[in-house]
Every structure is written in structure tokens, then in C-alpha cells.
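All of the numbers you see were taken from the coordinates with simple rules; none came from a lab. Given the structure is predicted, the values throughout are model-derived calculations rather than measurements. FYI the Cβ positions are ideal-geometry reconstructions off the backbone, even for glycines, and counts take in every protein chain you see.
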Amino acid sequence: MQKKVFLFALLVIILLLHVQGSTETLTTISITGAVKQPLNLTMEDLSRFEAVQVRLNEVTSDNNFKGAFHYSGVSLKTLLEVAKVEKEETDFSKLIDLAIVAHNKDGKQITLSWGEVFYRNPADIVVAINATPIIPYRDCKHCHQAGEYEKWYNPLKRQICFPKLVVTNDFYTDRSLEDITNIEVVDLHPKMTVQKLSELFSPKFSVTGVVKQVLDITDLSSYPHKDVMSRQIGDGRGYHGLSNYGGVPLLEILDKAGIETDLNTIILVSAPDGYRSLLSYGELFLSPQGKNSIIADKVDDQPMKKDGKFALVIPDDLSADRLVKAVNRVEVISLKNKPKLYIIGVGCADTSLITLEAISYMGKTDDFLCSEDIQKRFAKYMGNKPILFDPLLNTERMFRQKNPNLSPEESKRLLEEKRSKDIQKIRDALSNGRNVALLDYGDPTIYGSWLYWLGEFQDAIEIVPGISAFNAANAMIGKHFGCNGSIVLTVPKGLKSNEAMLKAVAENGDTLVIFIGLKEMKDLMPLFEKYYPSSTPVNLVYRAGYSDSERLIKTTLSGVLNVEEGEKEKHLGMIYIGPCLK
């Protein structure tokens, strides 16, 4: 009995060690974009959701058989509901013009429409976490030569990278994407005016956007027609009977316009009153149901007159909300990823200061640039994505600290070599279609070090603001200190090179805020004493935003030097000077 207890305890310890040892390489998937609650989920998190089982016979459009499997996972609809998809301020509150873009670890992406996720059965699109191959009952050797059956049998033994997006409605499985890292809800913010019209009508519609030929269509009689039966049931107004529509499959019209084969193309169909619906390329061209989505010109065998000459009808939707009356525009839009260099502010201190937008952008990043400290504290949002290098080691101060025995000349030469190699890593990642993110402290636009060495990527840069030490320090001071009109932010170099500015600030009684000035306080004192009375209030804020070590010291100009010299912290601090601090 004691032996069994010992073995059981040993097994528990081994399992615990295994779990702890694997946390650094956790596979995570993020749900970001137009959501109120961004999600970062591990495989273990996904396993806690109610599971659905689906079968997928995997054949891609290039006739490549990749096996047949039973997949188990979570409905994508469920995950999006948990993330609380919601638009920001808009005059079109319906979600039917949203796109859903899935990215994987290799930088590939595919696009879904809102409607094909939410207006079909929940198990139609699944984020799978495991799979079982479907092995034929009969041995393939029975009726095929070895060279013939192996190409059909071997895919059943392949390794599948999870989590995997499984799109069961598609005949060709090109959109079933393995090793997904991010699902982003995209609001296109189309420039359309939503208005209530006394009469909703359009005599024609145009096909524009990413097409070889722009079409202006007033008559569909030259196109092959088909009839579809549509259940008129909406989420708002309920059931309104059956209607028999006649029209032309939308994919036929798009083919005529010369749409390109692209899994990241979406089609936005709209009316003069601003009502619109979005469809994906995949739901039209990969799914057997795609040919049922029509631009109708007849209803119940009669030409359409009321509510426009043409209508978008999607009969396979479980809700008719995507029906667009009086269609006047069909716009083809590419959401193909243009690789970006994100500069993301992660906040000045505690991890709780990171913004939802920063988390969202980290979700759609493929490669990171960050310090070891940031990597450790924000690993939950970064997952196991590659880190190209630590940008802090490209600063002269940090490079000298790491290499104290180098001569100044050798240090400068080696630092330039390192910077060149690291810059090339960014170039290579972007050229391979990967999004790169530099994770910077505070707000990267306020004296961010990246400003001095990433200039060549200006066209690819997108900045995500963060909470600055200035914001956190203001909260600690806890009062309005712009009482005389202005708050001026600067650094010691700015003060020394612009004495006229300092004089004007002091004379007007505005508040002066100095970044990275603690080490130079002694050198700055003659300037301060020249323009400020000795009784001028001074606030020193140390480690603003670090809840366990932040400190606010209130003093005056006459006493500030003694206070500063008694403090060990010489880097993480802010200096505030001015009469409004009283």
C-alpha cells in the first residue's frame, strides 16, 4: 500500500513538473479587434469550453488530399460571443458588415464573414484542439498497389498543428488553417451615410474595387438565372413567410468582373440608405452553398419593383438580416495582410496598465522585439511567438554595461555591427509577410528610443499608444497642475538648448515636467535658480506606476538637490516644477 501511495505521489510530482516546465512555450490563440474583451487562450483554456465534434474530409482546391479526420474543439461563434464583439461609435450598429480574419504562426491568413459564422449552425466553424484520423475499414492493399494507396493513406498519419480553424461548410478546405495564433474581428468603417429614405430604390448597381473590369448593371437578363426559396425570418422582426426569388448567382457576376482567387477578399454589398452586408470569397467560391447567394431581380416570378430593382438574397443563412434591398453597389475589397512594424506601448510599469488595444495588436503580431523584462511580464499575451532581439541592447548605455572591457572605439564599431544585423532581421521578417512588433515602455511617442533607429521603416510603422510615466505620475500627484494654462514636457537636453523656453514657462507660472532628468539635477540647478524663486514647489515622482515601489516626494527648489542626492533611483523618475503644484 505504501508503495502504491509513493508511486502515485511521484506521478503527481512528475505531472506538476511537466506542466511547470512547459509554461514558457504555451501555445496561445488571441481573439482581438472589434471586441470589448480581448481573449488570450491556451490549449488548456480551450479544452474547458463545451466541445463540438465535426468531420472534415480535407481536399484543397489544387486537388491535394490531406486526410479525413474527426475534429474536436470549440465553436468559433462561442469564442466570439465570449469576447463580446461590438462596434465603436457608428450609425450602422448591425454586425453584418464585419469580417473575421484568422492568422497562423507562419503568417498565413484567411477571411470569414460575420454572417457565415453567426447565421449558420455553431459547429460549422470550429477552433479544433485535437483530431482522430478516419481509417478505412478495409485495408487499402486489398484493391491498390503500394505506390497508389500510400499517397491516400499517409496523410492520415500526418502531424496536425493545433489550434486549427476547421471550416466544415467549404467543399475545398483551403480555409481550414492550422497553427492559428490570432482571430481578429475587422470593422472596415466604410464611408457610407446611413439615412432613412422616403423611397428606397436604385435602377442599377455597380461592381467595383479589386476587379479587372468595373461593371455597371441595369439588366440581368443576359446572365444565367436560378430560383431560390428564402425563409423571411430576421433576428429583429421574426418570421414573415417564404419568398421565391429569381436572380443571378453573385459569383457569376463577380467572375464576369474578373475577381481574383484570394481567400482574403471580401465583398461588401450596399444600398442607397447605407444598409450593407459582407460576404467572404470563401463562402461564395469554396462552399457548395455559394451558388445560392444571388442578386435577385424577381420575386414570386414578378420583376422586383418595391424596395429597389435588385436585392442580395442569401437563402442558406438562418437569419435574413443580410438581405440587402435596392442594391446599388457591390465592392470587392482585399484584406490581404500588408506586413507592419507595430510600435506598441505596453505601459510604464505594472502589467495592469496595458491597454486593450495593445493586447489586440500583440495578438496579430508574428515576431516581437522586446526586453527580457517585457517578455517575462507579458508572456501571456505574446504566447510562444519568436523574439528577434532585445532592442535595449542596441542602446549605447546597455551595450557598454554588457561589454565593460571594450575600448570606446571597439564598442562603437561592434554596436554598429549589431544594429545592422538586427535591422536586417526586421527587413527579412517584413519581406516574408510577417508583422513585427516593438514592445516599448510607456507611450512610445514620448521620447521613445525607437525614433532614432527605425526611420527606414516609416511607411510600415503603426503606433499603438500606451500609458506614460507622465500619466501615472499625474495620478500620484492627484491635482490639477495646469492652473495657469500650460504643462510643458521636456528633457534636460531640451532645457539646456532652449533657455528662452524655460524663461517663458517660469514667467507664466506654467508647470514644467522633465523626463530622465534625475541624473542631471545638479547640472540643471543653475538654470532653475536663474528663473525660479527658491520657494517654487517641486515634486519628484519615483517609479510611477509600480504599485509596490512608486513614491512621491514634495519639496521646493531650495531643498530638491538634497532630496535627490539621498535617493538611489537615478533613472525611473519625473521632475515637476511650478507654482500650480502648491
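If you filter the stretch 433-521 for chymotrypsin sites (Phe, Trp or Tyr not before Pro), then keep DSSP loop positions with at most 14 other Cβ within 10 Å, what is left? The qualifying sites are TRP453.
The stretch between MET476 and SER206 holds 91.4 nm of extra length on full extension. This uses 0.36 nm per residue minus the Cα-Cα distance. Here the chain is assigned +1 on the Cβ of each Lys and Arg and -1 on the Cβ of each Asp and Glu. Its dipole about the Cα centre then comes out at about 760 debye. Extent of the chain along its three principal axes (Cα atoms, max minus min coordinate, largest first): 90, 81, 52 Å. When peptides 290-300, 564-574 are sorted by average Cβ neighbour count within 10 Å, with the highest value leading, the order is 290-300, 564-574.
Under the simplified labelling scheme, the SER198-ILE387 pair shows an inter-label distance of 6.6 nm, with each label point 7 Å from Cα along Cα→Cβ.
CYS580 sits among other residues whose Cβ lies under 11 Å from its own Cβ, and their net charge, with Lys and Arg +1 and Asp and Glu -1, is +1. Using a Förster distance of 56 angstrom, determine the FRET efficiency expected from the C-beta separation of ARG400 and ASP301, and round it to 0.05. Computed FRET efficiency for ARG400 and ASP301 comes out at 0.10.
The chymotrypsin sites (Phe, Trp or Tyr not before Pro) of the stretch 34-117 include none that meets both conditions, a loop assignment by DSSP and at most 13 other Cβ atoms within 10 Å of the site Cβ. Each principal axis of the stretch 237-384 carries a Cα extent, and these read 69, 36, 27 Å when sorted largest first. Fully extending the segment from LYS84 to LEU356, taken as 0.36 nm per residue of separation minus the present Cα-Cα distance, adds 96.6 nm.
Any idea what diffusion coefficient the stretch 125-227 gets from Stokes-Einstein, in µm²/s, Kirkwood Rh on alpha carbon pairs, 4 °C, 1.567 mPa s?
On the way: Rh = 20.1 Å.
Approximately 65 µm²/s, per Stokes-Einstein.
Identify the residues of the stretch 312-336 with backbone N under 13 Å of a label point that sits 7 angstrom from the Cα of ASP235 along the Cα-to-Cβ direction, or state none. Taking a point 7 Å out along Cα→Cβ of ASP235, the residues of the stretch 312-336 whose backbone N falls under 13 Å are 318-323. Counting only alpha carbon atoms, the long axis of helix 521-531 and the longest principal axis of the chain meet at about 80°. Rounded to the nearest 10 degrees, the inclination of helix 499-508 to the longest alpha-carbon principal axis of the chain is 90 degrees.
If you count, for each residue, the other Cβ atoms within 10 Å and average over each peptide, how do 535-548, 498-511, 32-45 line up from highest to lowest?
Per-residue mean Cβ counts within 10 Å order the peptides as 535-548, 32-45, 498-511.
Subtracting the Cα-Cα distance of GLU150 and ASP227 from 0.36 nm times their residue separation leaves 23.3 nm of extension gain.
A Förster distance of 45 Å, applied to the separation of the beta-carbon atoms of SER431 and SER407, puts the FRET efficiency at 0.80. Cβ under 14 Å from ILE267's Cβ, ILE267 left aside: what net charge do those residues give with Lys, Arg +1 and Asp, Glu -1? Here the count lands on -4. Measuring nothing but how far apart in sequence close Cα pairs (under 8 Å, 6+ apart) lie, relative to its length, the stretch 470-581 scores a relative contact order of 35 percent.
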